[in-house]
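Novice: Handing you a structure now.
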Amino acid sequence: MNLEHDNIITIEEPSAKNRFPILVQLGVLSFIMLGLFGVLLLPDPAPKQQIVTPPQVQQPITVSDSTPQKISDVEVRAVAAYVWDVRAQRALYSKNATEALPLASITKLMTSLLAYELVEDDATAAISLSAVRQDGNSGLKAGEELTTEELREIALISSSNDAAFALGANVGALLGGQDPMAQFVRGMNIRAEELGLNTLEFKNTTGLDLSEIEPGAIGSARDVSFLMEYIITKYPEIITPTQMTSAKIFNTAGDYHEVINTNELVSDIPNMIGSKTGFTDLAGGNLTIAFDAGLNRPIIVTVLGSTRNERFTDVMKLVSEVQKTLGHIE
C-alpha cells in the first residue's frame, strides 16, 4: 500500500533537447528494443521514414567502494544512503549504497524522464478509469485530459500514482503492441540499462508494491543518485516543479488541481534543485534530493529504507553535514 500523497537556483542551461518528431522517436525506441532483446516485435510507426541512430547517452560516472568518504560520522536510520558531489564526481558519504532496495515512488523519476524524451510536452493524455483506481486519491477524474507535462508535474510534486499510470498508458500506446503499459515499462528498463544504472529494475510506472513480498521497482541509492544527476544536468526542467511547495495544475478544459509537495524539506534546504519522495510498506521511507551547496555545486543526497518521518531527518542530517564541511571538501 502506498501512503504518499523557493529557493529556485539557476543551473547552467543544457544543450537543446534532442527531441525527434514523434514517429521517428518511436522508431528509435523500437530499434533499441529489437536490438537489445530481439523478441519484441513492434509495428513500424513510419515505414517510409528512415530510422536514425539514437543519440549517444552520457554514461554516469561510477565510483569505487574504496573512495575515501568526506562525511563519516553521521548515523542515519535508512538502510542505504549516498551523498554525491556532482561537480567533483565523487562520493562524500556511502552506506550500503550499491544494495538494491524497493524504490516506491522514486520510480516516477524514470517514468517522467522516459515520457519527456518520447513525447512533446503539449501532447494530450487521457485519464482512464484504471488510472484513477490506482492507490491514493490525487483528484484526477476518469475522462479528463491533461498534457504530458502537466501529468509529469502532478506525478513528481504530489507523487500521484494516477498521473504516473496515465503517463505510462498514454505514451505506451504510441509504441504499438497489445499492452501499452508493458511497452512503456520495458522502455523504462531499457533506458536504465542505457544509462548504466544496472541495479534499477522497474515492474510498473508508479513504484507501488505488487504484493506483500514484491516491490514495483528496485534499485540502489547510488544508481538513484546517478539518475537524479542525469536529470538535473541534462533536463533540469523535468525536476524544477518540485521546488514548489504547492501548485495549481490545469487540465485541457481549464479546471485545475491543487497539488501539494510530498517533500517536507522543500522549504528547509536552501537552493533546492529538485526532489522525489517514496513510501510503501516494502520500501519504507525513501527520499532523493538535489541542492546547490554554493557556486554551482550540485549535491545529491539519497536515502532508501528509512521510515516515513525519518527519511526527512536522515536527509537533513546529511545536508547539514555537507554544509558544515563544504570548505574542507576539495
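Novice: For the stretch 291-330, what D do you get in µm² per second when you plug the Kirkwood radius from alpha-carbon pairs into Stokes-Einstein at 20 °C and 1.002 mPa s? Could the numbers behind the result be given before it?
Specialist: Details: Rh = 11.0 Å.
Approximately 194 µm²/s, per Stokes-Einstein.
Novice: Also: Ranking request for peptides 254-264, 201-211: highest mean number of other beta-carbon atoms within 10 Å first, then the rest in descending order.
Specialist: Working: 254-264: 16.9, 201-211: 22.3.
Per-residue mean Cβ counts within 10 Å order the peptides as 201-211, 254-264.
Novice: Normalised by the residues of the stretch 108-202, what does the relative contact order come to in percent, with Cα pairs under 8 Å and at least six apart?
Specialist: Contact order relative to length: 26 percent.
Novice: OK, next. Calculate, for SER72 and SER130, the FRET efficiency according to 1/(1 + (r/R0)^6) with r their C-beta to C-beta distance and R0 45 Å; round to the nearest 0.05. Working shown, then result.
Specialist: Numbers: r = 47 Å, r/R0 = 1.05.
Efficiency, from the Cβ-Cβ distance: 0.40.
Novice: Would you kindly derive the ³J(HN,Hα) couplings of the stretch 237-250 from the backbone phi angles with the Karplus curve 6.51 cos²θ - 1.76 cosθ + 1.60 (θ = phi - 60°), listing them in order in whole Hz, with x for Gly and Pro?
Specialist: Each residue of the stretch 237-250 in turn: 4, 5, 9, 3, x, 6, 6, 8, 6, 7, 7, 9, 10, 9 Hz.
Novice: Given a 1.4 Å probe and every protein chain left where it sits, what share in percent of the accessible area of the stretch 93-147 is carbon and sulfur?
Specialist: Heavy-atom surface of the stretch 93-147 belonging to carbon and sulfur, 1.4 Å probe: 45 percent.
Novice: Would you kindly compute the Cα radius of gyration of the stretch 95-149 and its largest Cα-Cα separation (Dmax), both in Å?
Specialist: Rg then Dmax for the stretch 95-149, in Å: 14.7, 45.
Novice: Work out, step by step, the length gained on full extension between ALA142 and ALA123: first 0.36 nm times the residue separation, then minus their alpha carbon distance; give nm to one decimal. Please list the in-between numbers first.
Specialist: Numbers: separation 19, 0.36 × 19 = 6.84 nm, distance 1.77 nm.
Gain in length upon complete extension: 5.1 nm.
Novice: Can you tell me what percent of all Cα-Cα pairs in the stretch 151-239 are more than 17 Å apart?
Specialist: Numbers: 2175 of 3916 pairs.
Beyond 17 Å sits 56 percent of the P(r) for the stretch 151-239.
Novice: Under a crude label model (7 Å from the Cα following the beta-carbon direction), how far is SER267 from GLU193 in nanometres?
Specialist: Between SER267 and GLU193, the label points sit 4.5 nm apart.
Novice: Let me ask another. So if I restrict to the alpha-carbon atoms in the stretch 112-204, what is the Rg, and what is Dmax, the biggest pairwise distance, in Å?
Specialist: Final numbers for Rg and Dmax: 12.7, 38 Å.
Novice: Would you work out which of VAL86, SER105, ALA169 lies farthest towards the positive end of the dipole of the stretch 79-174, given +1 charges on the beta-carbon of Lys and Arg and -1 on that of Asp and Glu, about the Cα centre?
Specialist: The residue sitting most towards the positive pole is VAL86.
Novice: Moving on to the next point. Where a Cα-Cα gap under 17 Å defines reach, which lysines qualify for LYS95, not counting those fewer than 8 residues away within the same chain?
Specialist: Result set, ordered by chain and number: LYS70, LYS317.
The values are calculated or read from the model by the stated rules, or taken from the named source; none is laboratory data. Small disclaimer: the values here were computed from a predicted structure and weren't measured. Ideal geometry is used to build each Cβ from the backbone, glycine not excepted, and the neighbour counts take in all protein chains shown. The protein model used for the area step is the full one, side chains on, heavy atoms only, and it has no ligands, DNA or RNA in it. Shrake-Rupley method; radii C 1.70, N 1.55, O 1.52, S 1.80 Å.
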